[in-house]
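Visitor: Pasting a structure here, questions to come.
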Amino acid sequence: MKNMQVVIITGLSGSGKTTALRALEDIGFFCVDNLPVVLLPKFVQIQSGAAKKISKVAIVMDLREESFLEEYPIVFQTLKEKGYTIEILFLDAGDESLMHRFSETRRIHPLAVKGSVMEGIHMERAKLEKLKEMADHVLDTSSHNVHQLKDAVQRLYLGATNGKRLVIHVTSFGYRYGLPADADMVFDVRFLKNPYFVKSLKDFDHLFRIIGRLIA
């Protein structure tokens with residue numbers, strides 16, 4: 001099944017590649033983080049077998065693998081010549097944004113083991129310049145939070161409206177049992193009259209009585 005869509009997520013360290021990978025996983029991609037590039041042809045071959053049902057794959061590849069820069073041009077070109085659809089999503093960000101993110105997470109930049117984080121950022125940017133030029137999509141994440149980045153990535157592969165809809169779950173609960181763990185917004189309606197004693201709402205389901213009273 002050589003029409004399988006293969007998206008390679010790459011870019012600068014701290015630019016949001018893990019968030020992008022999770023965003024694609026949420027819309028049906030089979031996702032792998034940090035797969036060695038030399039294993040990509042075998043991986044694609046296995047997943048594209050006749051008995052396989054996977055049609056969309058997303059893989060994070062970057063400088064964490066020492067041989068990545070040397071191997072990716074040949075591997076990507078070979079797969080394209082064999083008829084596979086290989087797309088490169090390159091995530092970029094400004095130096096200040098990357099510095100701030102590394103400062104927040106206190107993680108070590110992969111190229112700054114002996115130097116400063118900024119030196120590692122500049123070195124990595126130079127090493128990935130050619131890969132950025134051949135990318136199908138370049139996304140600057142400097143001003144994106146995790147939710148905005150997720151939305152931007154999904155828009156690239158779903159479109160602005162395809163599959164996108166607002167889902168609202170309304171849950172009634174008792175305070176004596178504690179707040180629902182998954183609640184994003186909580187409304188205290190204990191000051192309202194009991195809907196059971198409101199003639200216009202009495203015949204409705206309990207939850208709909210509450211909703212009806214709120215919007216009346």
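Taken together, the values in this text are just the output of simple stated rules run on the coordinates, not laboratory data. Source: prediction; values computed, not measured. A quick note on method: Cβ atoms are made from the backbone with ideal geometry, for glycine too, and the neighbour counts reach across all protein chains shown.
Visitor: Mind checking the dipole of the chain: about its Cα centre, +1 per Lys or Arg Cβ, -1 per Asp or Glu Cβ, Debye to the nearest 20?
Guide: Approximately 1140 debye in magnitude.
Visitor: Nearest 500 deg cm²/dmol is fine: what mean residue ellipticity at 222 nm does the chain get from its DSSP H runs of n ≥ 4 alone, each adding -39,500 (n - 2.57), divided by its residue count?
Guide: -11000 deg cm²/dmol
Visitor: While we're looking at this one, here's another question. For the cross-link pairs K56/K80; K56/K127; K82/K127, which exceed 20 Å when the distance is taken from alpha carbon to alpha carbon?
Guide: K56/K127; K82/K127
Visitor: I would also like to ask the following. Could you list L179, L128 so that the one with the fewest beta carbons within 10 Å of its beta carbon is first and the one with the most is last?
Guide: L179, L128
Visitor: For P(r) over Cα pairs in 10 Å bins from 0, in percent, several values are listed as (i) 8, 31, 31, 18, 9, 3, 1; (ii) 7, 26, 24, 16, 12, 10, 4, 0; (iii) 8, 33, 34, 19, 6, 0; flag the one computed from this structure.
Guide: (ii)
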